[in-house]
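Student: The structure under discussion is supplied below as structure tokens; questions concerning it will follow.
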Amino acid sequence: MSTSQIRYSSADRREQILEVATGLFAQQGFQGTTTKVIAEKSGVTEALIFRHFASKEELYWAVIERKINSAAPAERLLENLEAGGDDLDVLSRVAVEVLERRAKDQTLSRLLLYSALEKHELSERFFRNYIANYFEVLARFVRQGIAEGRFRDIDPLLAARGFLGMVIYHSWIQELYGGKVVQDFDLHTVSRTLARIWLQGVQAENKMLNGKPNLLPRGKRLKYQVK
């Protein structure tokens, strides 16, 4: 049976459109991609696209949600925080996961950067629905550290943004800006170095690093929830 004769289910056709749209939006942005081109590349009509998605904006949002649900960043962050170990090990593990995931697939980063640069309202929607909660998961880890006397009395959310910001920006430099062509760093070395830099800034004065960070109580698991 030829490709033109294959009958796709509605769900399969929707998935096909999303797959094509993801690649085009990531390469050309929201404004640079038309539904006409998406339809042509998907082998469907524009009318069929709008049967699945009410507007181009809703198609773009569906693309972002699909990538987020696949990557599950907040859930993975939570797992790494709950896995135990000392603060340096915990944060190094968090950084490794972020850098490995972004090295394998830069699509989501490109989609979100395009949204922000194009001042698209969906970037704000994405922040409210996903990014804010992602930062909050790590902020709860910081709050516990403050309560236990391991960390200084600092703004937990700003501290969380600071750590994840270092990690994500390093990923952008290496993966999107071509930094790895000039100098390719060992991922685990980068993760541990960034974690150590952050800890040296936030640890309480009586818990300052002397070669290794303060240890969390053995067997203690951090209980957080992802919204």
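Student: Regarding the stretch 73-207, what whole-number volume in Å³ per residue does the convex hull of its Cα atoms give? If you can, show how the numbers build up before the last one.
Tutor: Details: hull volume 14.8 nm³, N = 135.
So the per-residue Cα hull volume is 110 Å³.
Student: Could you work out the helix-only [θ] at 222 nm for the chain, with each DSSP H run of four or more residues adding -39,500 (n - 2.57) and the total divided by the number of residues, to the nearest 500 deg cm²/dmol?
Tutor: Numbers: 12 runs with 147 residues, N = 227.
Using -39500 (n - 2.57) per qualifying helix, the result is -20000 deg cm²/dmol.
Student: Which entries of K41/K119; K41/K67; K119/K180; K56/K119 show an alpha-carbon separation above 23 angstrom in the structure shown? Display every interim value, and only then the final one.
Tutor: On the way: K41/K119 26 Å; K41/K67 20 Å; K119/K180 28 Å; K56/K119 16 Å.
Pairs exceeding 23 Å: K41/K119; K119/K180.
Student: Order of E148, E175, E205 from fewest to most other C-beta atoms within 10 Å? Provide the component values of the computation, followed by the final result.
Tutor: Values: E148 14, E175 18, E205 6.
Neighbour counts put them in this order, fewest first: E205, E148, E175.
Student: Based on Cα positions only, what radius of gyration and what Dmax would you give for the chain, in angstroms?
Tutor: Spelled out, the Cα radius of gyration and Dmax of the chain are 21.0, 73 Å.
Student: Also, I was wondering about something else. For I173 and E58, calculate 0.36 nm times their separation in residues minus their Cα-Cα distance, and state this gained length in nm to one decimal. Don't skip to the end; give the middle numbers.
Tutor: On the way: separation 115, 0.36 × 115 = 41.40 nm, distance 3.00 nm.
Stretched out fully, the I173 to E58 stretch lengthens by 38.4 nm.
Student: Can I ask one more? How large are Rg and Dmax for the stretch 10-66 when only the alpha carbon atoms are used, in Å?
Tutor: Looking at the stretch 10-66, its Cα Rg and Dmax stand at 9.8, 27 Å.
Student: For an R0 of 30 angstrom, estimate the FRET efficiency from the Cβ-Cβ distance between E205 and D86 and round to the nearest 0.05. Intermediate results must be reported in sequence, preceding the final value.
Tutor: Details: r = 18 Å, r/R0 = 0.61.
The formula returns an efficiency of 0.95 here.
Readers should treat all values here as calculations from the given coordinates under stated rules, not as data from a laboratory. Predicted model only: the values in this text are computed from it and were never measured. Please note: Cβ atoms are built from the backbone with ideal geometry, for glycine as well, and neighbour counts cover all protein chains shown.
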